[in-house]
Structure formats: structure tokens, C-alpha cells
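For reference, the structure is listed below as C-alpha cells.
Just so you know, all these numbers are worked out from the coordinates, no wet-lab data involved. Treat the numbers as computed from the prediction; the structure is a model and nothing was measured. Heads up, the Cβs are rebuilt from the backbone with ideal geometry, glycines too, and the neighbour counts pull from every protein chain shown.
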Amino acid sequence: MAAALDAATVKAAYRRYARVYDLLFGAIFQPGRRRVIRSLGCRPGERVLEVGVGTGLSLPLYPPETRVVGVDLSRDMLERARERVARLGLRQVEGLLEMDAERMAFATGSFDKVVAMYVVSVVPHPERLVEEMCRVCKPGGDIYIVNHFSSDHPLLRASEGLFSRFAGKMGFRPDLPLEPLLEGTGLQLVEAGRTNLFGYWRMLRCRNGCRSELAA
Ligand SMILES: C[S@@+](CC[C@H](N)C(=O)[O-])C[C@H]1O[C@@H](n2cnc3c(N)ncnc32)[C@H](O)[C@@H]1O
């Protein structure tokens, strides 16, 4: 399954999406973005990392006193995010960096909060991504994930299985199971809810259970 998506495939897919991404996935995913950022309850001066920030649709939602860093693998998506920041004068954005979120250049424990919206089913190794999010987050800090995970409904699950063979072309896998992410990483689930159309996506609010010295 993981072999269907690698860095080159993801970059190629999001090079194609970049120009039309906001039109296709702007409004439809916005309830999830709003919910996460409201729930983050950012306090002035807090540093937030958003992995897979894409075209930066979430960036205007952060309070101006927050310091937000976004990373993304796709230069084309980041270009759109940079245009948005310049156009809207978003002073909460400290930086937008081209970086693989599975192997980030940040020191351990650099951020108060770390967010991944619609990203864990896009990266080649979701568990590695989550472990890296835990590493760069302060111990006990907040980690938020919004994503679709494989459905509990047998029919939906079967169709997701069929579509998964096109994961490379689509740029995401539709049948990512949730359990390994929770069991095999430093995430401690605090709250799980459903969001967006038909509640098909889930929002996970987690505490970072990694101790920095162990994660380093
Ligand atoms: C579905 S888009 C989500 C974008 C944005 N979070 C949103 O709310 O619209 C997935 C994003 O994850 C990025 N991505 C995929 N793999 C990545 C990786 N290993 N490191 C960083 N970004 C990655 C893609 O380039 C793309 O911009």
C-alpha cells in the first residue's frame, strides 16, 4: 500500500493540483480547518507547526498573535501559500518552508502545537510522519489531525479498497486505517470527532506522549 505513494509521486500529483486545489478542496474541507484552529485555542506567542500546509487555505484563520510555520513537500503548493500570505498580509505566518514532514530540520520540542490537515493519507509513511510531529512538538503539547480514515461501513470500505489502487494518481490513499497511527506512535488520543460533508472525515485532538529526550 505504502509503495503507491512516494515523494516523487506526491510532488507530481500536487504540481497538477496546485492551480485548481482551492477550487476543488477549498470550501469542502474548510469546516475541518475551522474546527481545528478554533479548538487549538492559540495563545499569543505560541508557535504552531502545520505540516503539509498546501496552498495555505488555513493560514488566515490563525489569530494574528500566533507564530505559524508551514512546511510542504510541493514547491507548487507552497508558491500559492506564499502568494496568499503576501496578498493578505498575514503577519501570523513566521515561515513557509519546503521540507519533507517525515524528516524535518527542526530541533526536538520546537513547537507548542502541531497540526496535519488532510495530510496523513498523502505521505508515503503515515506513522513516520506522526512520530516526527511528536518529536518536534513539546512534550505534552497538542497534536491535531484531520483526515479520512478507512470506513467502518463494509460497502464504503470495499469501495475505498478498490480506489486505493489509484492512490498514486489521486495523490492520497482512501483506505488508511486509524488504529496503527494511535497504537504505534506517541499520540495520546484526547478527543475524536467527525467533520465535513456527511462526517466522512475525522478530527483527532491528541496529546504528545513522546518525551523529548526519547524522541531525539
Ligand atoms: C490534500 S493536501 C492538504 C493541504 C492543506 N493542509 C489543506 O488543508 O488543504 C496534502 C498536502 O500535503 C503535502 N505533502 C504530502 N507529503 C508530504 C510530506 N512528506 N511532507 C510535507 N508535505 C507533504 C502535499 O504536497 C499537499 O500540499
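Describe numerically, in nm with one decimal, the distance between label points set 7 Å from Cα along Cα→Cβ at V20 and at R75.
In this crude label model, V20 to R75 measures out at 2.3 nm.
Given the options F25, F172, F111, which has the most mean-square fluctuation in a GNM of the chain, springs set between C-alpha atoms less than 10 angstrom apart?
Maximum fluctuation in the GNM of the chain, among the listed residues, is at F25.
Could you please report the charge total around Q30, scoring K, R as +1 and D, E as -1 over all other residues with beta-carbon less than 13 angstrom from its beta-carbon?
On the way: positive: R33, R34, R35, R38; negative: D22.
Local net charge: +3.
Go ahead and set up a Gaussian network model of the chain, Cα springs under 10 Å, then flag whichever of G161, G32, G41 fluctuates most.
Comparing G161, G32, G41 in the GNM, the peak value goes to G41.
Give me the distance in nm between label points sitting 7 Å out from Cα along the Cα-to-Cβ direction at E98 and R194, one decimal.
Going from the E98 label point to the R194 one covers 4.0 nm.
Under the rule of -39500 (n - 2.57) per DSSP H run of 4 or more residues, summed and divided by the residues of the chain, what mean residue ellipticity at 222 nm is obtained, to the nearest 500 deg cm²/dmol? Could you put the intermediate results ahead of the total?
Values: 8 runs with 79 residues, N = 216.
That calculation yields -10500 deg cm²/dmol at 222 nm.
Which residues make up the longest stretch of the chain that has no trypsin sites (Lys or Arg not before Pro) in a DSSP loop with at most 15 other Cβ atoms within 10 Å?
Values: sites that count: R19, R91, R103, R211.
So the longest stretch without any such site is 104-210.
Could you work out the Rg to Rh ratio of the chain, with Rh taken as the Kirkwood radius (inverse of the mean 1/r over all Cα pairs)?
Numbers: Rg = 16.1 Å, Rh = 17.3 Å.
Reported Rg/Rh (Cα atoms, Kirkwood Rh): 0.93.
For R157 and A107 in the same chain, what is the full-extension length gain: residue separation times 0.36 nm, less their Cα-Cα distance, in nm? All intermediate terms of the calculation are to be shown ahead of the outcome.
Values: separation 50, 0.36 × 50 = 18.00 nm, distance 3.87 nm.
Once the chain is fully extended between R157 and A107, it gains 14.1 nm.
Given Cβ point charges of +1 (Lys, Arg) and -1 (Asp, Glu) and nothing else, what value in debye, to the nearest 20, does the dipole of the chain about its Cα centre take? Present the calculation step by step, with values, prior to reporting the outcome.
Numbers: 31 positive and 25 negative charges, 124 e Å.
Dipole magnitude for the chain comes out near 600 debye.
Please figure out what share of the DSSP beta bridges in the chain is antiparallel and state it in percent, rounded to the nearest 5. Walk me through the intermediate numbers first.
Details: 14 of 34 bridges.
Of all bridge pairs located within the chain, approximately 40 percent are antiparallel.
Considering the chain as a Gaussian network with a 10 Å cut-off on Cα pairs, which listed residue, F29, F198, F106, attains the greatest mean-square fluctuation?
F198
Roughly what would the spin-label model give for E179 and A86, points 7 Å off Cα along C-beta, in nm?
For E179 paired with A86, the spin-label model returns 4.9 nm.
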